[in-house]
Amino acid sequence: MLAAVSASQMRFETDNGLLSVLPVPLPDTTRRIGLTFRAGSLPSPATQALLRFIYQQVQDGAV
């Protein structure tokens, strides 16, 4: 079987030797992902914490 998926989706399987990664270059396969907020509302404290985490991950280059 052959599949093209994000490396992060198969990290457990590749880290544990269950799947192998083929060295196939896939240029220009990234996409932008954004966040949408409802106008006039404030996120809950839990949502604010999640957003801080997401923003920090982006700043750190983790994603």
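The values are calculated or read from the model by the stated rules, or taken from the named source; none is laboratory data. All values derive from a computational prediction rather than experimental measurement. Every residue, glycine as well, gets a Cβ built from its backbone with ideal geometry; the counts of neighbours run over all protein chains shown.
Contact map, the range 41-56: first residue among the polar types (S, T, N, Q), second residue at pLDDT below 95, Cβ cut-off under 9 Å, separation 6 or more or different chains; pairs are GLN48/LEU42; GLN56/ALA62. Screening the range 1-52 for residues that are polar (S, T, N, Q) and outside any helix (DSSP H, G or I) and picking the one that is surrounded by the fewest Cβ atoms within 10 Å (Cβ to Cβ) gives THR36.
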